[in-house]
């Protein structure tokens, strides 16, 4: 018998049908390292910026309420206020990303 086959058969064990190894890998595989080293710290550093959504949503909601009270079209007013809030949130989030992740001189 081939010595390599014999070696690997000894590694497997006796070959009993009830024996089973570990089904799933535990620990830090590729995706675990990707999550723990890259994605999680990035999301953690952006949480304060995401938490400031209320600073943009409340004024837009108040503006929408004022538009409704003054008799403007609700649908058009809501669309314009959503665009306004989204634009300001996107600008602020973009600035946060630039300041946190840009490194070097270029």
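The values are calculated or read from the model by the stated rules, or taken from the named source; none is laboratory data. Worth saying up front: this structure is predicted, and the values here are computed from it rather than measured. Cβ: placed from backbone, ideal geometry, glycine included. Neighbour counts: every protein chain shown.
Number of residues in the range 46-99 that are outside any helix (DSSP H, G or I) and exposed (fewer than 12 other Cβ atoms within 10 Å of the Cβ): the value is 2. If I filter the range 26-36 for residues that are modelled with pLDDT under 70, surrounded by 11 or more Cβ atoms within 10 Å (Cβ to Cβ) and not in a helix (DSSP H, G or I), do I get at least one hit? Yes, that holds for at least one residue.
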